[in-house]
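To keep things clear, I will list the structure first and then write my remarks on it.
The values are calculated or read from the model by the stated rules, or taken from the named source; none is laboratory data. As the structure is a computational prediction, the values presented were derived from the model and not from experiment. Every residue, glycine among them, receives a Cβ derived from its backbone with ideal geometry; neighbour counts consider all protein chains shown.
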């Protein structure tokens, strides 16, 4: 992990830099894919008092974290910042763990099922009847209407000659309706 410490509006101190680098390097025990950490330390004067500000940007594989903390002392600002970053890392890991669990549950559910077409045995288990009752050659609307009347069915699936779209001709009590979904 590449750790960079930048000082703003304050003198750089080896003691503060080493303290910050030690704290940041401990984050690797939580997450090993951290590539870079950039810590910015600054002092701000508010009402004649010094206030330490610590902000960090952590980048890694599938990870971007940002945090900022203020305190009276720069050391305590670093400590508060590390607590906040640890909480963010734990939240990130929990989210990744939930995704992995969900992915594993889906794989378990679909385990043993073919990746290709669904077999009629699988459909019958679900109470679905397999049928390939559709017209393979393109038909005009009049031809489709005649076929639907001859078959004495409630619907007909066909490819419309005029539009080259898959069409559904449906018979109802009011008459016939035509549906052409955008696929």
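Summary table below
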{"item": "Set 78, 56: member being in contact (Cβ under 8 Å) with a residue 24 or more places away in the chain, closer than 17 Å to residue 15 by Cα and touching a helix residue (DSSP H, G or I) at 6+ places or on another chain (Cβ under 9 Å)", "result": "78"}
{"item": "Residue match in the range 37-44 (condition: under 15 Å from residue 90 (Cα atoms) and surrounded by 11 or more Cβ atoms within 10 Å (Cβ to Cβ))", "result": "no"}
{"item": "The listed residue being surrounded by 12 or more Cβ atoms within 10 Å (Cβ to Cβ) and either more than 42 Å from the chain's Cα centre (by Cα) or not in a helix (DSSP H, G or I) (or both), out of 137, 159", "result": "159"}
{"item": "Whichever residue in the range 140-154 is outside any helix (DSSP H, G or I) and either at pLDDT below 85 or in contact with a helix residue (DSSP H, G or I) (Cβ under 7 Å, 6 or more places away or on another chain) (or both) and, among such residues, is nearest to residue 181 (Cα to Cα)", "result": "154"}
